[in-house]
1. If A:Ala145 satisfies every condition in (1) within 14 Å of A:Val77 (Cα to Cα); (2) buried (at least 24 other Cβ atoms within 10 Å of the Cβ) but one, which is the exception?
2. Could you tell me whether any residue of the range A:16-27 is among the charged types (D, E, K, R), more than 11 Å from chain B (Cβ to nearest Cβ) and free of Cβ contacts under 8 Å to residues at least 24 places away in the same chain?
3. Only residues in the range B:68-82 that are part of a loop (DSSP other than H, G, I, E, B) count as the first member; pair them with residues that are among the hydroxyl-bearing types (Ser, Thr, Tyr), Cβ under 9 angstrom, at least 6 apart or cross-chain, and list the lot.
4. When the residues of the range A:104-129 are filtered to those that are more than 18 Å from the chain's Cα centre (by Cα) and not basic (Lys, Arg), which remaining residue is farthest from A:Glu41 (Cα to Cα)?
5. Residues that are modelled with pLDDT of 95 or more and among the charged types (D, E, K, R): list the strands (runs of 3 or more DSSP E) wholly contained in the range A:1-60 that include at least 3 such residues.
6. Restricting to the range A:28-38, and then to whatever is facing chain B (nearest Cβ under 10 Å) and touching a Phe, Trp or Tyr at 6+ places or on another chain (Cβ under 8 Å), can you tell me which residue is surrounded by the most Cβ atoms within 10 Å (Cβ to Cβ)?
7. Pick from the range B:83-112 the residues that are part of a loop (DSSP other than H, G, I, E, B) and farther than 17 Å from B:Asn27 by Cβ: which of them is modelled with the highest pLDDT?
2 protein chains.
Amino acid sequence: MELLKQKILTEGEVFEGNILKVDCFLNHQIDCVFLREAGKEFYRLFKDEGVNKVLTIEASGIAIGAFVAQEFECPLVFAKKSKTKNIKGDVYSAPVDSFTHGTTSDVIVSKRFLGKGDRVLIVDDFLAVGNALNGLISIVEQSGAVVAGCGTVIEKGYQHGGDKLREKGYKVESLAIIEKMNDKTGEIIFRD
Amino acid sequence: MELLKQKILTEGEVFEGNILKVDCFLNHQIDCVFLREAGKEFYRLFKDEGVNKVLTIEASGIAIGAFVAQEFECPLVFAKKSKTKNIKGDVYSAPVDSFTHGTTSDVIVSKRFLGKGDRVLIVDDFLAVGNALNGLISIVEQSGAVVAGCGTVIEKGYQHGGDKLREKGYKVESLAIIEKMNDKTGEIIFRD
């Protein structure tokens, strides 16, 4: 998605430790005009997959998830990172390591919101080693639903999480795939 | 908002301890077709307030925040509950007690995303005693920005957080205000 590449080049910052900071438009301050276009692009990419539910993970997946679900006119479910007293009864759960926080959380989804017959599009803001997507795929498959595809806004291609999922046969689409970053020069090179 | 009242009556559940569970459409599974309408209603209510930024708090405020920001065609900023290594430099912060989780968190917003000249519409899914709104108001005022108003989807009127803010002069609008709930009968009575 050309608009996204331009935003990454003009607004993104590269830091040591393979960190691409795009919190000015994607995961702290959110450019909703841009994300709406991103939602439309995901609709274009997955419109033939029979999607009836969008699944993401709190917190920074929720905004892109909302704009994707808006296009599909279907519900968004977001996996939660801790059990609150507002979630009663049975949940599906999977452990997810956080690249950003350096922690492992159990993420959970109420069994009421996923099940046989659902075709689920999993979306997230970032794809690196694939921890979040693997956890969400596990939850979808535990429920008997089908993974219709995975869509992420920015994929760090050099961490190969997306490639491993593609090798397993999942349809994974990212709106921009970064092949290489240089924290000394700030250079960012995209995969073609 | 009549559509919301009907959804609360047909899809909401009342539990002991003044808990209204609406996680089937508002804060776990999200009805994005409904939330889009809610975003339009908030635009109608605040369109004359000069709003140039929407502020909410992770996680369940993000979806409604995104749909409100879409209508205003302005950025959404969400306050974060813990410091991650992706947020560099100075932040505004305020302590917020969570009614749902029974914990207190420092919520933070990067200083780069709020400041003088901003007119901020604060939105959230729920308003009870007003902890989250008070924390977000503090952050806006620390930054030198102006609180253009506060909009919440469901207000628990009997916990009086909204009334206290209105007494202080803030424009607070909720799409449904619950005056009374009965966890034995499931009855829900709205404020006129």
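1. Here A:Ala145 meets the rest and fails (2).
2. no
3. Qualifying pairs under 9 Å: B:Lys81/B:Ser98; B:Lys81/B:Ser105; B:Ser82/B:Ser105.
4. If we take residues in the range A:104-129 being more than 18 Å from the chain's Cα centre (by Cα) and not basic (Lys, Arg), then A:Ser110 is farthest from A:Glu41 (Cα to Cα).
5. Fully inside the range A:1-60 and qualifying: nothing.
6. Applying the filter and picking the extreme gives A:Ile30.
7. B:Asp90
Table: residues versus (1) within 21 Å of B:Arg119 (Cα to Cα); (2) touching a residue at least 24 places away in the same chain (Cβ under 8 Å).
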position: B:Ala148; (1), (2): yes, yes
position: B:Ile154; (1), (2): no, yes
position: B:Gly162; (1), (2): yes, yes
position: B:Ser174; (1), (2): yes, yes
position: B:Lys180; (1), (2): no, no
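The values are calculated or read from the model by the stated rules, or taken from the named source; none is laboratory data. Bear in mind the structure is a predicted one, so any value in this text is a computation, not a measurement. No Cβ is skipped: glycine too gets one built from the backbone with ideal geometry, and neighbour counts run over all protein chains shown.
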